[in-house]
2 protein chains.
Amino acid sequence: MPSTTSTSGDRRRTASVPDLVEAATGGDLRAVGRLVSLVEDGASRPELEGRLREAMALLAPHGGRAHVVGLTGAPGVGKSTSTNALVGALRAQGHRVGVLAVDPSSPFSGGALLGDRIRMGDHATDAGVFIRSMASRGHLGGLSFSTPQAVRVLDAAGYDVVLVETVGVGQSEVEVAGLADTTVVLLAPGMGDGIQAAKAGILEVGDVYVVNKADRDGADRVRRDLRSMLNLADRPADAWRQPILPTVASTGQGVDAVVEQLLEHRAWLGRTGALERRRRRRARAEIEAVATTRLRRTWAGLTGAAELDGLADDVARGERDPYAAADALLAAT
Amino acid sequence: MPSTTSTSGDRRRTASVPDLVEAATGGDLRAVGRLVSLVEDGASRPELEGRLREAMALLAPHGGRAHVVGLTGAPGVGKSTSTNALVGALRAQGHRVGVLAVDPSSPFSGGALLGDRIRMGDHATDAGVFIRSMASRGHLGGLSFSTPQAVRVLDAAGYDVVLVETVGVGQSEVEVAGLADTTVVLLAPGMGDGIQAAKAGILEVGDVYVVNKADRDGADRVRRDLRSMLNLADRPADAWRQPILPTVASTGQGVDAVVEQLLEHRAWLGRTGALERRRRRRARAEIEAVATTRLRRTWAGLTGAAELDGLADDVARGERDPYAAADALLAAT
């Protein structure tokens, strides 16, 4: 458990990473927040890589317990409201919940504190809930680099469920599905392009479909259309049969049934070995994201490298060949 | 000097790199050809990198003596004919000449033997001339990776002048200027876009301008237009003043004057310290090209790497963090 001392260390910019990890894994919300900030800042500030690596190495043995749920949908389907309702239903069952709201179109990250406090709504004073908005635009590696690392922090900090909410635009819904155990796709009536989006890629990624705003005209139609499309998809007999659930997130109607299906899907994943496969696939993607981010940085740093002038002199004088010089350059950047 | 034994080793695919380098630096044309082939093949076959590195390391101390001349111009200005005429004029003065005809738009390289024999024309039986056509399209790093390494081979093999001929399209004329001590820009009358091309970038790269086909209508106009553009360019008082020379390459008319200006420019480079600066800049570009080619290959190899599955298992089980796994992956690829 975190001591008061380690918590008060929060204000020191130089708080040691082992102290932060110890506090975070003990349930200290501030330490969790600082580690998530380290992940976010690390995506754009190479000088933090040392601390970030240290944190990830110390967090690794603590992970693997959380149920990682991705939640995606087009703008306007009610993602924030649904997240809020899901958090409430999960808390009512005693689960600790971490939320990462990822906006792949925003360059702003980190200290969106006011926004996060408003988002937290009913949960602002609940120590069993952690909510953070993250941005990924303009960061090397984007969503695929920092989000899985933030998930690692919350997982290691003992959150039973980590909800990753992201707007379903372009590639991001596929990326969020790649890092989730269970992916929830949100739809709503009156959004003609919702089903078009579904046709395009959602059938690939959804484990649980939720038709929100189910009290509005057209909700049944959305469910029927979606069901017939899912039935058309060619799947093995023992595959998970994706449920399509109606909700009115603003009143909480139908939300318990969604939670039930999330937990049911998690159990199915464990039973069938699919969980292990998904997590291995996720680990592959994480390793590749870290490696390609490193290569991008190395590349970007080559031209301006201080070592290049001296190496060029050596090569121009015939004292070194370009390969040996490139080795030295790559080792230095 | 190369022994007959090492020359007959030419037919062994496994001829050792030190033997090849010794033979090439001793003036053995076949060994020179095999090293240039190694450079070309190495651009698309990573498994040759070991031999290529060994060759470059052994060649490095032998370099730096050749006068590297770039020759560029739009299609149709008479580049091959001009190269042929320049080779003849240089040979008449006793210089050994190596020619690399680089076609950045062609995916074919290496064994364009018939083409090279035709190109060699008058010089096919002259041991003081080496000519090779090189392609760069589709190779990692393209022109900037393999051409400077081929220049190194010819330089180390004792060619007094290495002529790099390339068609002036897009970026290639800037690249060829980057690797030359002296850049010749060829123009011809009746090619309206010649001067347009000049406006775009040629003023930056030419040290010697040649208006070929000077016996045709409009040649004087091309020279006058070019002279006024060069006079408009803002240059320091002690800068090299680029000559504009008329030639009829097909008859050899005016070619001796071009050779004279090439040698004059080379002397000016040495006198003013510009040679050293250009060669240092060239070395920088070479080192960067080797380093970025290595990074590109590493990047391309990441996803399919055999090590990735095992590393992903380790990460999924919490036995390794993604950074440590990325280190191992990058070290293995």
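Just so you know, all these numbers are worked out from the coordinates, no wet-lab data involved. Just so it is clear, the structure is predicted and the values come from calculations on it, not from any experiment. A quick note on method: Cβ atoms are made from the backbone with ideal geometry, for glycine too, and the neighbour counts reach across all protein chains shown.
Take the alpha carbon gyration tensor of segment A:218-333, find the square roots of its eigenvalues, order them as a ≥ b ≥ c, and report rounded if a/c is under 1.5; if not, report prolate when a/b exceeds b/c, else oblate. Here segment A:218-333 falls in the prolate category.
Starting from the label point of B:Gly252 at 7 Å along Cα→Cβ, the same points in the other copies fall at 10.1 nm, in ascending order. Think of the axis that spins chain B onto A; the B residue whose C-beta lies nearest it, and the distance in whole Å, is B:Leu295, 3. Residue by residue along B:306-314, Cβ atoms of other protein chains within 10 Å of the local Cβ number 4 on average. For B:Glu165, nonlocal amide neighbours, meaning residues 5 or more places apart or on other chains whose placed amide H falls under 5 Å from its own, are B:Leu71, B:Leu100, B:Ala101, B:Val102. Protection proxy ranking for A:294-303, B:231-240, A:314-323, B:55-64, using the average of other Cβ atoms within 10 Å per residue and placing the highest first: A:314-323, B:55-64, A:294-303, B:231-240. Hey, could you get me the Stokes-Einstein D for segment B:285-332, Kirkwood radius over alpha-carbon pairs, 25 °C and 0.890 mPa s, rounded to whole µm² s⁻¹? D, rounded to a whole number, is 210 µm²/s.
Placing a label point 7 Å from Cα along the Cα-to-Cβ axis, B:Asp309 is separated from the same position in the other copies by 5.0 nm, shortest listed first.
Once backbone amide H atoms are built at 1.01 Å from N, B:Phe130 has B:Val97, B:Gly98, B:Val99 as its partners under 5 Å, excluding neighbours fewer than 5 places away on the same chain. Position B:Asp238: other-copy label points at 8.3 nm, ordered by increasing distance, label point 7 Å along Cα→C-beta.
Across peptide B:45-55, the mean count of Cβ atoms from other chains lying within 10 Å of each residue's own Cβ comes to 1.
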